[in-house]
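Below is one structure, written out as structure tokens, with a few remarks after it.
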Amino acid sequence: MFLISKLKKIPDLPRSQADLVDYLGTANSSAAILSQTAQNFGEDFIDGLSDLLIKRNPYFQKILQALHYTNQPVTLRPELINKLFGEDLRLSISQIEKYYSNPYEYFLQYGLRLKKRNQFTVDAALSGTYYHSIFEQVINRLIDKRTDFHDLSDQELENLSQKKCPRFDRIT
């Protein structure tokens, strides 16, 4: 009865080719989802499937091992502490407060000197800059060709706007 109740909680498998889109992913993302499933339903439930996946992709074994990983803090060696923080500690009040509120975050920020990674996002400002650059590119090409904007057909205008904009080559 226990197994039946677990089986009822499994999402439906795709019934058509169009439904497959919801199930597609890279081998690593699929392995991560199966790892979560192993956590939710117990490893015994997917042992056969995990054996097959491990044979096809050894990386999956590491993901399964991560289910049982517990982070155990260790004491750093004094020479490593000196390399990370220096011989003399000069701390501000905010650094001390940060250490007491979250020692791990303090270690990441002041010991390893990690900074938050900027994530590329397309926002209204970037979109506007992109469209203005395309428009400027079209106008400059018209000036170079000594052509009037109204003399172009829709197709010619489309072709001009489709040419790459050098300012955005590294984005596209």
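The values are calculated or read from the model by the stated rules, or taken from the named source; none is laboratory data. Just so it is clear, the structure is predicted and the values come from calculations on it, not from any experiment. In this analysis, Cβ positions are derived from the backbone assuming ideal geometry, glycine residues included, and neighbour counts consider all displayed protein chains.
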Among the residues of region 143-161, write down those that are at pLDDT 80 or above and hydrophobic (A, V, I, L, M, F, W, C). Ile143
Members of region 109-141 found to be surrounded by 13 or more Cβ atoms within 10 Å (Cβ to Cβ) and of a type outside the set (Val, Ile, Thr), listed by number: Gln109, Tyr110, Gly111, Leu126, Tyr130, Ser133, Gln137, Arg141
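When you scan region 71-78, do you find a residue that is surrounded by 11 or more Cβ atoms within 10 Å (Cβ to Cβ) and either among the charged types (D, E, K, R) or at pLDDT 80 or above (or both), even just one?
Kept after step one, since they are surrounded by 11 or more Cβ atoms within 10 Å (Cβ to Cβ), are these residues of region 71-78: 76.
Restricting the remaining residues to those that are either among the charged types (D, E, K, R) or at pLDDT 80 or above (or both) gives 76.
Yes, region 71-78 contains at least one residue that is surrounded by 11 or more Cβ atoms within 10 Å (Cβ to Cβ) and either among the charged types (D, E, K, R) or at pLDDT 80 or above (or both).
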If you go through Ser101, Ser127, Ser94, Ser133, the only one that is at pLDDT 85 or above, among the polar types (S, T, N, Q) and over 25 Å from Gln72 (Cα atoms) is Ser94
Answer yes if at least one residue in region 108-127 is closer than 30 Å to Asn159 by Cβ and among the aromatic types (Phe, Trp, Tyr), and no otherwise. yes
Has region 142-149 got any residue that is surrounded by 10 or more Cβ atoms within 10 Å (Cβ to Cβ), touching a helix residue (DSSP H, G or I) at 6+ places or on another chain (Cβ under 9 Å) and of a type in the set (D, E, K, R)? no
